[in-house]
Amino acid sequence: MSAKAISEQTGKELLYKFICTTSAIQNRFKYARVTPDTDWGRLLQDHPWLLSQNLVVKPDQLIKRRGKLGLVGVNLTLDGVKSWLKPRLGQEATVGKATGFLKNFLIEPFVPHSQAEEFYVCIYATREGDYVLFHHEGGVDVGDVDAKAQKLLVGVDEKLNPEDIKKHLLVHAPEDKKEILASFISGLFNFYEDLYFTYLEINPLVVTKDGVYVLDLAAKVDATADYICKVKWGDIEFPPPFGREAYPEEAYIADLDAKSGASLKLTLLNPKGRIWTMVAGGGASVVYSDTICDLGGVNELANYGEYSGAPSEQQTYDYAKTILSLMTREKHPDGKILIIGGSIANFTNVAATFKVTATAVSGESGLGKAGKGKCFDDLALLSSYQGLLSLGAYSRVRAVFAHALKAHVTAVNKDDRANVSQESSLSR
């Protein structure tokens, strides 16, 4: 399972389209997206309700606790929305430790309601099944919901019916709202399962005499279910977390991945970082990243990714060339490190990995200019000896030092931290 966050707009669009419930859901599809390039005249043509209703405006960039951060404009006219956006749209902001640009906002109708009409609901996946959380008090001051909310585990292949919801979750809910809440939560759970969500939170969920309003929504889906949910998902987008921009190289590798039966993944964490990885195997890539972080390299880890499923030499070459191109764009005073490794399946041609890596190195003219460099590997055994020779031979004519080690990744990192000799070594 690969849980990936989706935007609030995407989550609401899916919910409004596909949820089945007897509860009357209000303001369906009433939202407008604003970016620095928005043509307001065209926006008003597409969404004439912007002129006739009071509005709420907020960034839609996977930012948590927007209300607490002063990033929600409430009960504004259209002119008020424009004034509120002026000092924020396209401007840099810091949220926690992340700094990024506010460039995607969502405008929705303002819903007058009382605090007593706000509720909290969340569904999330675990190994045992899916947990459903409900709290009779929602909103920005909901607090520690794990400790306060009513919780119900729905096991794998089990169903959630309205009676169970009333009995276990709506213990403290107002009597006059239990029926509508039970119907909505039941429909929400079925929607969550049918569209392969892994996390779905609504806070607040507002219930008035007119019906149900989904005010704020956060969601993640299982990205590996794309082939099952393609018809309903459409061309779903997975935006990067706030503070990390989407890079064309990530899109390039994603395109290669989509056209291949193999798996090719790349996420840039810190393009100026010193430690780069080229790891075979999804599980191994997690072990490598965790180990690097455990040993103090969290601020220098540049990328996360993996290649597996027996990619062709051309695909491996394209993957290696992309990583090397990114790695060599900027110098680092202490040099750069490329760790090649992973877990090897019996159908993986290990020698080809080093052969195409050497080819990619030879084609990357900036590699020798990127400062001192080291290349570690811990996946190469005797079967990859020729590939290692290719990489090692090239490393001797560049300022790149290759270390072929019969060691696990933790040992490689410890060697690096101890400033091991940077002499080229290919002896086994």
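The values are calculated or read from the model by the stated rules, or taken from the named source; none is laboratory data. Keep in mind it's a predicted model, so treat the numbers as computed, not measured. So basically every Cβ, Gly included, is an ideal-geometry build from the backbone, and we count neighbours across all protein chains shown. When the accessible area is computed, the model is the full protein with side chains, heavy atoms only, and any ligands, DNA or RNA have been set aside. Shrake-Rupley method; radii C 1.70, N 1.55, O 1.52, S 1.80 Å.
Here are some notes:
- Between segment 135-189 and segment 215-245, the alpha-carbon center distance in angstrom: 24 Å
- Assuming charge only on the beta carbon of Lys and Arg (+1) and of Asp and Glu (-1), the dipole of segment 173-265 about its Cα centre is about 120 debye to the nearest 20.
- Segment 28-110, accessible surface, carbon-and-sulfur percent (1.4 angstrom probe): 49 percent
- Solvent-accessible heavy-atom area per residue, rounded to whole Å², over segment 210-276 at 1.4 Å: 51 Å²
- Ordered from longest to shortest, the equivalent ellipsoid semi-axes for segment 28-110 are 22, 13, 11 Å, each the square root of 5 times a Cα gyration tensor eigenvalue.
- Accessible surface of segment 165-233 [probe 1.4 Å, protein heavy atoms]: carbon and sulfur percent: 50 percent
- Cβ crowding within 10 Å averaged over residues, with 219-225, 50-56, 110-116 ranked highest first: 219-225, 50-56, 110-116
- The label-point distance for residue 86 and residue 38, in a model that sets each label 7 Å from Cα toward Cβ, rounds to 1.6 nm.
- The H on the amide N of residue 2, modeled in the peptide plane, is under 5 Å from the matching H of 223, 224, each at least 5 residues off or on a different chain.
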